[in-house]
Amino acid sequence: MSGRDASGRETLGREVHGETQRGLEVRGETQRGREVHGETQHGLEVRGLTIAVPGRTLVDDASWSAPTGQITALVGPNGAGKSTMLRAIAGVVPERATVRGEVHLSTARGATGRLGTAGLDTVRLDTVPARERARRVALVEQLADAVPQLTAREAVRLGRTPHHRMLGFSIGDDGAVEAALADAGATTLAERRLGALSGGELQRVHIARALAQQAGSAPGSALLLDEPTNHLDVAWQLDLLELVRRLAADRPVVLTVHDLALAATHADRVVLVDGGRVIAAGDADAVLTSDRIRSVYGVEASIDAAPDGVAIRYRRIDA
Amino acid sequence: MLVAAALAAVCFGAAGIAPADAFASLAARLGVGTTPLSAIEDAIVVKLRMPRVLAACAVGAGLAIVGVVMQALVRNPLADPYLLGVSSGASVGAVLVLIAGLGVLLPVAAFAGALLALLATLGLAGAAGGATPTRTVLAGVVVASAASALVSLVIFWGADGDAYREILAWLLGSLASISWQSALIALVGAALALPLLVSGRLLDALSLGDSAAGALGVDARRTRWVLLVACALVTGVLVSVSGAIGFIGLVVPHAVRLVVGSSHALLLPASGLAGAIVLLVADTVARAAFDPRELPVGIVTALIGAPVFAALMLTGRVRT
């Protein structure tokens, strides 16, 4: 599935039934439309991303990728730079920050949205205009601050913003909004006000907004979710992960998460971040080892991989 | 409804005039038919009441639209058009010329004062690190209180008798001295507010927060800066004509939001219309209710607006 290529770099994509995968890839070197076993790879790719505010480097030369068709989880301690990275990919950077590095998004040429299409369209997200970028990357933020009296449909319609001309109209809005509501399983919530929704319902509406933001854009647009399972009970967590899995079928999905067992169970790839640096990236079971967890989090972890998921128990390192 | 209120406003007053006659008189001015009114009544309709009606509509609409935009820009339900200290700055200019007995210069002086206050507020917010909602509000509070202190100082020092009454009327907001010239200025102010009507999508996006707006491709900082300046200019023009009429820009947006919802594409024009109607009615009441004395319309809007706002708060309808 994944491993190391001849040059010792990690091979991020994987072949599925001989077809190409599309996704988002972030790496430390300049190479676009990377060939994997003679085929092109689709997805999101971050190369040498560095974000600094005066006196502090938040993200330090981070390179990783998120192939289309997979769920990629960013994990790491609080303040590791996970959210900062996600937001920067979506074009949101802290005040007075300097940003270096590249973010590439490769999608199937011809916008057919099918896996295995020959050819690759690569866009450098860090150089395209903000509206264009917003059509290709959608971000659902942690604790997304909702205006309580908006209805869900109105909130989803906000996702159409980057498609609008000055007068605030664009053809196909209604269709895009309804399709997004349906895809996120939020159609029955459409008339409810955000203030009256539960955390899980609200998260669905925010995801629907992200989908509406991309409808009509090139397929394979990236979906970034910051702590999507936060504050959700277990039933809603599973529900959300099921939705995310479905959405990942034809787009790169990147999410940040604190629960390592959840990442190991539900993500295809894990990017472990600490102090703004990428410590390891690759298959979940390869990245999340007890050694790494000890060095990054400073706790002992015993990992039990079962067919139905991964369980991790933690304890303090004895003095 | 606006048209009906306007016609009623033209007719109400010390000199009662039948609606049909007023209409005919206006039509005659446009070259259709002849006026059934005497020369004096005709002059009252055309020279006194028409400009006042137009000014009330323009000022009311402009203030309400700016109020909506300001509330969205700083994400604060208590924001109103005067948040940036614009009206306080205008007051300084106005009071100075009124004391000096140069009443003709009032609109110019008021507008100049408004501009200075705007520059001070944005300069302060910018120097502190950028026009975030909180910084903008704080800078506005600082500038407004400094300007109010100046106004009090000038009044305490120099005002007497007529000048004092004149100043008070202006500070409270009044449409009593509206001429066709000042009505035209008000219309220009309202016209300047029209481009704000299409900012609905941007305001919707900003209401999600700056970073969510950024992820939607909207540059929150730049957008806020541009819209704040536009709002301040509109307010400055309107205030130079009418004085600082309170509560229209604060209460009307909240009341309209209850009816049409929070989506700005609809909220903006609806608030503009409602603001025009409310100020027109308030001004007619101010003019006619205590005949022959006339109240500054600012007293009427505050008398009505305060309890309305209190009621909205008590029912929990104001976004906090």
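For this structure, a couple of remarks:
- Full-stretch length increase - B:Ala176, B:Leu78 - with 0.36 nm per residue and alpha-carbon distance subtracted: 32.5 nm
- Between the alpha-carbon centres of region B:240-281 and region B:95-112 there is a gap of 28 Å.
- For residues of A:90-96, the mean tally of beta carbons on other chains within 10 Å: 4
- The order of A:Arg316, A:Arg47, going from fewest to most other C-beta atoms within 10 Å of their C-beta, is A:Arg316, A:Arg47.
- Take each peptide in B:51-60, B:148-157, A:266-275, B:167-176, count the other Cβ atoms within 10 Å of every residue, and average; sorted highest first, the result is B:51-60, A:266-275, B:167-176, B:148-157.
- Note on B:Thr223, B:Thr284, B:Thr136: ascending count of other Cβ atoms within 10 Å places them as B:Thr223, B:Thr284, B:Thr136, the fewest first.
- At R0 = 35 Å, FRET efficiency that the Cβ-Cβ distance of B:Ala149 and B:Ala43 yields, to 0.05: 0.25
- The Cα-based radius of gyration and maximum Cα-Cα distance (Dmax) for region B:52-314 are 17.6, 59 Å.
- Once both labels are positioned 7 Å from their Cα atoms along Cα-to-Cβ, the gap between A:Asp174 and A:Asp61 label points is 5.5 nm.
- Each 10 Å bin from 0 upward holds the following percent of the Cα-Cα pairs of region B:249-291: 30, 42, 21, 7, 0.
- 20 Å reach of a label modelled at A:Ala311, 7 Å along Cα-to-Cβ, counting backbone N of region A:268-286: A:285
- Peptide B:205-211, shielding by other chains (average Cβ, 10 Å cutoff): 6
- Burial ordering of B:Lys47, A:Lys82, fewest other beta-carbon atoms within 10 Å first: B:Lys47, A:Lys82
- Leading residue at positive end of dipole, region B:52-314 (Cβ point charges), from B:Val260, B:Val86, B:Ser182: B:Val260
- Per residue of B:164-173, other chain Cβ atoms within 10 Å of the residue Cβ number 0 on average.
- Computed magnitude of the charge dipole of region B:52-314 (debye, nearest 20; Cβ of K, R +1, Cβ of D, E -1): 480
Throughout, read-outs are computed from the coordinates displayed, never taken from laboratory work. Note that this is a predicted model, so its numbers are computed, not measured. Every residue, glycine among them, receives a Cβ derived from its backbone with ideal geometry; neighbour counts consider all protein chains shown.
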